[in-house]
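Scroll down for the structure; my scribbles are underneath it.
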Amino acid sequence: MTSSLSELLAVEPLDLSLRDELQRLIDTKTKPPGSLGRLETLARQLGMIQGTTRPSVERPVMIVFAGDHGIAAEGVSPYPQAVTAQMVANFVAGGAAINVFSSVAGLTLEVVNAGVASPLPPSPTLVDVPIAAGTRNFAHERAMTRDEALAALAAGAERVRHHAALGTNVIGFGEMGIANTSSAACLMSRLCGVPIDECVGRGTGLDNAGLAKKRNVLAAALAHHADAREPLDVLAAFGGFEIAMMAGAYLEAARSRTAILVDGFIAS
């Protein structure tokens with residue numbers, strides 16, 4: 001069992017020695033060279049991730065992490081915070097788009113309460129491991145403590161270990177949390193050195209005035225936490241519990257050579 005951040009960070013690079021052999025096997029199939037397009041690139045990549053010339057997809061899983069954000073109090077989203085819990089209830093009831101996509105693609109779907117502010121009814125399809133009832137408002141203080149960030153990383157890693165023990169070797173992550181595009185924009189800006197105006201979008205549908213307000217709020221928040229530079233400190237300053245759990249899950253998946261599906265701005 002992974003017990004520390006240093007162990008989570010012990011991700012080995014891909015074994016590129018398999019690349020040529022995988023390409024040879026792909027090219028000697030009965031088909032014109034390159035005719036399967038992106039599928040050939042993906043097959044080669046999957047083989048290098050799994051360290052085998054016979055890559056496979058076993059028990060694929062999609063985990064949706066949900067959490068609330070204190071920054072929502074600044075009016076950076078057109079929707080109230082209560083929508084997070086409503087959407088989680090919809091996931092659990094099977095009524096969301098991800099339920100349909102998972103069913104069609106043959107994915108096992110898991111929903112994780114990483115830190116939703118509103119109470120959630122117990123359900124056998126909900127993993128209830130909240131760090132707290134939403135993060136703090138990072139316009140005024142750090143979203144979470146360093147210990148809370150570490151706890152969220154560990155909880156995310158544990159979900160991957162759980163599924164790996166059941167045979168999963170391909171896993172994807174999703175998220176739900178009103179105002180979490182604000183969190184992701186600040187993380188991107190600080191970690192990647194990109195001006196905040198280039199990181200901020202309309203989220204779930206802000207008008208022009210709302211977008212301008214969001215930019216101003218986030219620019220001020222970045223200035224307020226100018227001392228947060230080291231990755232874990234940046235995560236604690238601006239992150240969400242669902243984002244932190246995803247980060248831990250990504251690290252454990254990479255460490256254990258589980259192929260990862262990445263989709264969307266916040267998950268990226």
Before we move on, is L120 in contact with a Lys or Arg (Cβ under 9 Å, 6 or more places away or on another chain) and not in a helix (DSSP H, G or I)?
no
Please work out if S77 is in the same structural domain as T204 (by TED's automatic domain parsing), among the polar types (S, T, N, Q) and out of contact with any helix residue (DSSP H, G or I) (no Cβ under 6 Å at 6 or more places or on another chain).
yes
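Do the conditions hold for A221, that is, is it touching a residue at least 40 places away in the same chain (Cβ under 8 Å), in contact with a Gly (Cβ under 6 Å, 6 or more places away or on another chain) and hydrophobic (A, V, I, L, M, F, W, C)?
On the way: touching a residue at least 40 places away in the same chain (Cβ under 8 Å): yes; in contact with a Gly (Cβ under 6 Å, 6 or more places away or on another chain): no; hydrophobic (A, V, I, L, M, F, W, C): yes.
So A221 fails the test.
Checking the conditions here, which among A132, A96, A114 is aliphatic (A, V, I, L, M) and more than 12 Å from E242 (Cα to Cα)?
On the way: A132 fails: more than 12 Å from E242 (Cα to Cα); A114 fails: more than 12 Å from E242 (Cα to Cα).
Result of the check over A132, A96, A114: A96.
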Out of the stretch 26-48, which residues are surrounded by fewer than 14 Cβ atoms within 10 Å (Cβ to Cβ) and not charged (D, E, K, R)?
T28, T30, P32, P33, G34, S35, G37, L39, T41, L42
Hits in the stretch 1-31 (condition: touching a residue at least 12 places away in the same chain (Cβ under 8 Å) and assigned to a helix (DSSP H, G or I))
L5, E7, L8, L16, L18, R19, E21, L22, Q23, L25, I26
Can you pull out the residues in the stretch 84-104 that are over 19 Å from the mean Cα position of the chain (by Cα) and either in contact (Cβ under 8 Å) with a residue 40 or more places away in the chain or part of a loop (DSSP other than H, G, I, E, B) (or both)?
G94, G95
Of all residues in the stretch 186-206, how many are touching a residue at least 12 places away in the same chain (Cβ under 8 Å) and either over 30 Å from S256 (Cβ atoms) or touching a Pro at 6+ places or on another chain (Cβ under 7 Å) (or both)?
11
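The values are calculated or read from the model by the stated rules, or taken from the named source; none is laboratory data. Keep in mind that what you see is a predicted model, and the values were worked out from it rather than measured. Quick reminder, even Gly has a Cβ in these numbers, built from the backbone with ideal geometry, and neighbours come from all protein chains shown.
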